[in-house]
Amino acid sequence: MQYIQLSLCGLLWMWLPLCHGWAIKPDPNRIKADAKMLSRTLITRIQEHPIQYLFPSNLKFSGLDFIPDDQLLESLEHMDETLEVFQNILSSLPLENVDQMLSDMENLRSLLQLLSSIMGCTARKPTQTDTLVNLTEEYAKAPYTTEKVALDRLQKSLHSIVKHLDHITGC
């Protein structure tokens with residue numbers, strides 16, 4: 001009986017430091033660095049995607065205005081919205097080798113949302129757009145062009161995120 005009391009007392013003694021622990025506050029600079037690194041990783045994955053070798057970057061096209069292009073992504077909310085649109089587009093296209101890109105985009109969005117909550121921003125609700133309706137129509141007309149344009153514009157958006165992430169001061 002004495003051994004049971006001794007081991008119970010020892011167990012409680014070991015739990016004592018856990019009662020006085022403090023939560024570690026996430027470092028915004030570290031989160032920004034992780035988001036920039038993940039963005040650069042995504043850029044590399046896009047550059048190494050097989051469709052990038054099939055078509056030139058300077059294609060002329062029309063009808064793909066629903067895919068975000070040449071935007072200044074200077075707010076966390078705008079960055080998250082843009083990534084959400086690209087995530088919806090890439091998940092609906094029958095592209096090969098995009099599973100890791102989709103996973104990285106989800107992780108990047110999580111980092112941006114964490115940074116947003118640390119900065120005291122209100123959580124935004126997911127947007128419902130008719131992007132996918134336009135996407136299926138355009139994809140039926142020109143599948144490879146749609147895929148190439150989507151990846152090129154995603155790459156431009158990621159470059160904008162990397163460029164502006166250090167200068168984010170508000171939501």
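The values are calculated or read from the model by the stated rules, or taken from the named source; none is laboratory data. All figures in this text were calculated on a predicted structure; none of them were measured in a lab. Positions of Cβ are backbone-derived with ideal geometry, glycine not excepted, and every protein chain shown enters the neighbour counts. All accessible areas refer to the heavy atoms of the entire protein, side chains included, with ligands and DNA or RNA removed. Shrake-Rupley method; radii C 1.70, N 1.55, O 1.52, S 1.80 Å.
Could you tell me whether any residue of segment 11-30 is open to solvent by less than 40 Å² (accessible area, probe 1.4 Å) and either at negative phi or at pLDDT below 80 (or both)? Walk me through it before giving the result.
Step one: list which residues in segment 11-30 are open to solvent by less than 40 Å² (accessible area, probe 1.4 Å), which gives none.
Within segment 11-30, none of the residues are open to solvent by less than 40 Å² (accessible area, probe 1.4 Å) and either at negative phi or at pLDDT below 80 (or both).
Quick one: is Arg40 at pLDDT 70 or above, farther than 23 Å from Tyr144 by Cβ and either surrounded by 16 or more Cβ atoms within 10 Å (Cβ to Cβ) or out of contact with any Leu (no Cβ under 6 Å at 6 or more places or on another chain) (or both)?
Working: at pLDDT 70 or above: yes; farther than 23 Å from Tyr144 by Cβ: yes; either surrounded by 16 or more Cβ atoms within 10 Å (Cβ to Cβ) or out of contact with any Leu (no Cβ under 6 Å at 6 or more places or on another chain) (or both): yes.
Considered against the rule, which asks whether it is at pLDDT 70 or above, farther than 23 Å from Tyr144 by Cβ and either surrounded by 16 or more Cβ atoms within 10 Å (Cβ to Cβ) or out of contact with any Leu (no Cβ under 6 Å at 6 or more places or on another chain) (or both), Arg40 comes out as yes.
Of all residues in segment 98-121, count the ones that are in contact (Cβ under 8 Å) with a residue 40 or more places away in the chain and closer than 12 Å to Glu84 by Cβ.
3
Residues that are at pLDDT below 75, of a type in the set (Lys, Arg) and open to solvent by 50 Å² or more (accessible area, probe 1.4 Å), at least 1 per element: which helices (runs of 4 or more DSSP H) completely within segment 94-165 meet that?
Working: elements: 99-118, 131-141, 143-164.
Where helices (runs of 4 or more DSSP H) fall fully within segment 94-165 and carry at least 1 residues being at pLDDT below 75, of a type in the set (Lys, Arg) and open to solvent by 50 Å² or more (accessible area, probe 1.4 Å), they are 131-141.
List, please: which pairs have Cβ atoms under 7 Å, are six or more places apart or on different chains, and start with a residue in segment 152-171 that is closer than 17 Å to Ser117 by Cα and end with one that is part of a helix (DSSP H, G or I) and open to solvent by less than 70 Å² (accessible area, probe 1.4 Å)?
Pairs found: Leu165/Lys32; Leu165/Ala35; Leu165/Lys36; Asp166/Lys32; Ile168/Leu76; Cys171/Leu76; Cys171/Ser116.
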